[in-house]
Structures are given as structure tokens and as C-alpha cells.
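Working notes, structure below.
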Amino acid sequence: MSAVPRRTAAAPAPVARQLLNAARELSRSLATLRFAPPVAHVYDPLQYAWAPYAAYVRRYGATRKRVVLLGMNPGPFGMMQTGVPFGEVAAVRDWMGLTGRVERPAHEHPKRPIEGFDCVRSEVSGRRLWGWAALRFGPAQAFFADWFVINYCPLVFLEASGRNLTPDKLPAGQRRAVQLACDRHLAAALAALQPQWAIGIGGFAERCLRELVQGDAVDSAFARQLKVAQILHPSPASPAANRGWSEAVDRTLAALGVPLPGATG
């Protein structure tokens with residue numbers, strides 16, 4: 001029997017149900033927002049790739065976790081295609097054992113088509129993150145027994161050229177509206193998962209965590225015991241990540257005192 005029981009769509013575990021309800025509410029809230037140039041297209045994988053995202057949560061988010069890793073928003077060949085955070089196709093399909101129907105957004109950019117699990121491009125950030133998890137923990141069930149990965153914002157913002165615009169680059173008013181919805185979702189996700197550690201993948205995610213925990217959106221008793229930290233983002237745009245991302249993450253986690261399988265000290 002698997003260490004992490006697989007749940008059916010009809011009866012998700014209570015934690016998974018809370019996560020899915022929070023994700024639906026986040027998607028509904030964000031759908032009411034309108035974005036001005038330079039944003040030309042907005043994709044929400046929680047709408048068109050809901051099936052694999054729900055499968056990810058039901059299979060691997062059914063229990064409370066010790067560590068939650070928080071990313072920024074979907075990459076073009078990761079969650080944008082598969083619906084799973086950092087969801088490089090091979091990692092999601094082969095390591096996690098997940099698939100699911102992926103539709104297409106209503107207003108698709110011609111340079112950024114949604115191909116779902118047929119996408120042949122590899123998301124470098126996702127390949128690094130999930131490759132590290134597989135190397136360190138072995139099977140996906142072993143990693144997800146105590147760890148989980150979510151994104152702060154589920155939306156992809158594309159300029160007319162097809163270039164990604166990250167949430168931190170939105171105009172102030174639009175950024176604030178996105179932040180309000182995403183903060184509510186993050187607070188709900190942390191309340192459901194009850195982690196000891198909430199670790200931002202990169203500086204943006206860590207700042208979001210710290211601002212949330214220092215505010216009043218999270219139960220004060222929980223906030224006092226929650227440890228917030230940061231690991232290096234695995235983006236290929238980062239020279240430091242390109243010099244050995246896995247080793248850098250291992251060093252950071254060791255310094256923080258976050259235990260890993262096989263670690264010695």
C-alpha cells in the first residue's frame with residue numbers, strides 16, 4: 001500500500017478538500033480582475049488545467065506537511081502546461097504518476113500555445129526542483145509524505161510579444177488586487193497544511209510569506225511557531241542556480257536545520 005493514500009475525486013481527504021476549495025475561490029477571485037498593458041494575455045491553469053492540479057492535490061496534498069515550498073507563479077513549460085506547480089512534463093507524468101485533461105485558455109497567445117502533456121519543452125526550474133526531490137527522497141510518495149509545493153499566484157501574464165511578466169512587475173494597483181486574492185489563498189493553504197517550515201523559492205516568495213505571517217491573516221499562535229526561510233530559485237536566469245542549484249539548496253537547508261534523508265551531522 002502506498003505511504004500516501006490516493007483519494008478519489010468524489011471523496012478527497014479533508015486537507016486536500018480545503019486546498020481545492022481555496023484554489024477554486026482563488027481562481028474565481030482572480031477571474032474578476034482586468035489587466036492593462038503591458039499585459040496582453042492572462043492564463044489561469046486552475047481553470048483550463050484543473051484536472052491535473054486536482055489530481056496533484058488529492059494524491060499528494062491529503063495530509064498535513066512539515067515543509068511547504070512556495071513558488072512565485074507558473075513557468076511557460078511547467079504549471080502553464082500541466083497545472084502542477086513547477087510542473088515539468090516528465091516529472092509530473094513519470095515521477096509523480098499524474099496526468100489529466102488539459103483544455104486551452106479562451107484567449108491564447110499564438111506564441112504561447114497550451115499543449116498540456118504533449119509539450120516537448122522542458123521547464124528548467126521544474127526539472128531542477130523535482131530532480132532534486134527525486135535524488136534526495138527517491139519516490140514521489142516519500143517526498144510528499146512531509147513536503148508540499150504550491151505557487152503564490154496561479155496566473156501567467158504575457159505581454160504582446162509573448163514575454164512573461166512576473167507578478168512583481170505589474171502596475172501597483174493591479175499588483176495589489178492580485179496580492180489580496182493570493183494572500184487569502186496562501187493563508188488558507190497554510191492553515192490546512194499546518195507546516196513547521198514555509199520556505200520561499202526565491203526572494204519574492206519569501207517576502208510574500210513574511211508579509212502574510214506578520215499580518216493578521218494567519219492565526220497568531222500558528223504564525224509564532226511557523227519558521228519562514230528562503231532557498232535559491234532554480235531559474236536558469238540565475239547564475240548562482242546554474243553553478244549548482246541542488247548543492248546550494250542542500251547547504252541552505254542544512255544551515256537552517258531542515259532535515260533531509262541521508263543527511264549527516
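Data for the structure
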| read-out | value |
| --- | --- |
| Amide proton proximity set for Lys227, modelled H, under 5 Å, gap of 5+ | Trp197, Ala198 |
| Amide H partners (placed H, <5 Å) of Asn151, local residues excluded | Gly71 |
| Percentage relative contact order, the range 14-256, counting C-alpha pairs under 8 Å, at least six apart | 25 |
| Estimated Rh, the range 87-242: Kirkwood, alpha-carbon pairs, angstrom | 17.6 |
| Taking the C-alpha atoms of the chain, convex hull volume expressed per residue in Å³ | 129 |
| For the range 75-83, 3J(HN,Hα) per residue [Karplus equation, 6.51 cos²θ - 1.76 cosθ + 1.60, θ = phi - 60°, Hz, x = Gly/Pro] | x, x, 10, x, 4, 4, 9, 9, x |
| Footprinting exposure proxy for Arg128, Arg17, Arg243 (fewest neighbouring C-beta atoms within 10 Å first) | Arg243, Arg17, Arg128 |
| Cleavage-rule hits, trypsin sites (Lys or Arg not before Pro), the range 24-91, DSSP coil, Cβ neighbours within 10 Å at most 16 | Arg34, Arg64, Arg66 |
| Under the Karplus curve 6.51 cos²θ - 1.76 cosθ + 1.60, θ = phi - 60°, whole-Hz ³J(HN,Hα) for the range 202-210, x wherever Gly or Pro sits | x, x, 4, 5, 5, 4, 4, 5, 5 |
| In order through the range 217-229: 3J(HN,Hα) via Karplus (6.51 cos²θ - 1.76 cosθ + 1.60), integer Hz, x for Gly, Pro | 7, 10, 3, 5, 5, 5, 4, 5, 8, 6, 9, 10, 8 |
| Cα radius of gyration and Dmax for the range 196-252 (Å) | 13.4, 39 |
| Cα centroid separation - the range 162-188 against the range 38-79, whole Å | 15 |
| Within straight-line cross-link reach of Lys65, lysines at Cα separation under 19 Å, skipping those fewer than 8 residues along the same chain | Lys227 |
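None of the figures in this text is laboratory data; all of them are computed from the coordinates on show. Since the model is a prediction, treat every value here as computed from it, not as a measurement. We place every Cβ from the backbone using ideal geometry, glycine too, and count neighbours over all the protein chains shown.
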